[in-house]
1. Starting from the Cα gyration tensor of the chain, multiply each eigenvalue by 5, take the square root, and state the resulting semi-axes largest first in whole Å.
2. What fraction of the DSSP beta bridges in the chain is antiparallel, stated in percent and rounded to the nearest 5?
3. Using only the Cα atoms, work out Rg/Rh for the range 18-144, with Rh taken as the Kirkwood radius, to two decimals.
4. Which residues does the label zone of GLN198 cover in the range 19-43, counting backbone N under 17 Å from a point 7 Å along Cα→Cβ?
5. Once phi is turned into ³J(HN,Hα) by the Karplus curve 6.51 cos²θ - 1.76 cosθ + 1.60 with θ = phi - 60°, what whole-Hz value does each residue of the range 103-120 show in order, with x for glycine and proline?
6. Could you check how much of the accessible area of the range 74-209 is carbon and sulfur, as a whole percent, using a 1.4 Å probe?
7. Ratio of alpha-carbon Rg to the 2.2 N^0.38 Å globular estimate for the range 211-272, to two decimals, please.
8. On a full-extension model of 0.36 nm per residue, what is the gain between ASP89 and GLU58, subtracting their alpha-carbon distance, rounded to one decimal in nm?
Amino acid sequence: MKIQRLDAPFGCEVLGLDINSGVSKNDYLQVRAAFETYSVVVIRGAPLSDASQIEFSEMFGPCEKTLKGNPAAGSVFARQSNLDINTGDQIPAEDRRMFYQKANMLWHADSAFKPRASLCSILSARIIPSAGGATEVASTRLAYDALDENLKTTIDPLIAEYSLVWSRGLIGYEFNDEERSTMHKVRHPLVRENPVNQKKSMLIGAHAMNIEGWEQADGLKLLNELLSHATQQKFCYRHEWQEGDVLIWDNRACVHRATPYDSNAEKRLMQRTTIGDLSEEAFDHKAVAA
Ligand code: OGA
Ligand code: MN
């Protein structure tokens, strides 16, 4: 197995690892160390089976159960696809299920709206379109490093608030009253320190809706400024998919987004597993009423 830097501002590729054949503890530890260092890990090969993806994902930590809105709800997979889960047929572009996926085109960190935020996501390409559908990732670690020292000092102690009702609202998606009654906004430190290398990063993106104790207009202004800063080209990696690719991104240190493809003409099926960040248990996440 060999690990090499990507030709990008951050990220690495692991060569010579076949996840479907089973990953040894030692190989996992090398991948894990590279993940902590580079924030994005690319592994290319034959498409994963669901079972191999789960086994590999669980080496990183507990997989999240998928929320109701996703077609794979109740499993550990978030299915990102324009194919009906039962028939395999293309879902019409105007279908509510496709509308929901538009949210992926906003820069975001997966599960930031949950009481326990995420360590990483593992996205496995099962079927890819012949054109389009790349995934972009921006490093909020590189972005944080490049902030001026005064701004770092200002944002270091801040707590931000995150909400799925808020972020889905950005694309015009509304939850009904029953759904909303079960949803709360959550709080997380805006700036997080990697426990292995002490590098700081920012938990920002579409789910972030305010800074605790601030007027929302002021909170959003800061959050939007930080996001525009973080998503400059010089902090971005764009992944052009090949079938079988596995992309791991650090949700503590990156935001990502989907890019368009012709969903009427093409087929795309990606399976995501999402791993919780257990170090989050140390923080008081008491949910705040939305
Ligand atoms: C995700 C996601 C982007 C894509 O799976 O969390 O945002 O390109 N995916 O499918
Ligand atoms: Mn996502």
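1. Details: eigenvalues 153, 118, 64 Å².
Gyration-tensor ellipsoid for the chain: 28, 24, 18 Å.
2. Details: 48 of 51 bridges.
So the antiparallel bridges in the chain amount to around 95 percent.
3. Numbers: Rg = 15.8 Å, Rh = 16.6 Å.
In the range 18-144, Rg relative to Rh is 0.95.
4. Answer for the range 19-43: 37.
5. 4, 5, 7, 8, 4, 7, 10, 4, 6, 4, 7, 9, x, 9, 5, 9, 6, 7
6. Of all accessible area on the range 74-209, carbon and sulfur atoms account for 52 percent.
7. Values: Rg = 16.3 Å, N = 62, 2.2 N^0.38 = 10.6 Å.
Relative to the 2.2 N^0.38 Å estimate, the range 211-272 comes out at 1.54.
8. This chain segment gains 8.1 nm when fully extended.
The values are calculated or read from the model by the stated rules, or taken from the named source; none is laboratory data. Computed from a prediction, not measured in an experiment: that's the story for all the values here. Every residue, glycine among them, receives a Cβ derived from its backbone with ideal geometry; neighbour counts consider all protein chains shown. Please note that ligands, DNA and RNA were not included when accessible areas were found on the heavy atoms of the full protein model with its side chains. Shrake-Rupley method; radii C 1.70, N 1.55, O 1.52, S 1.80 Å.
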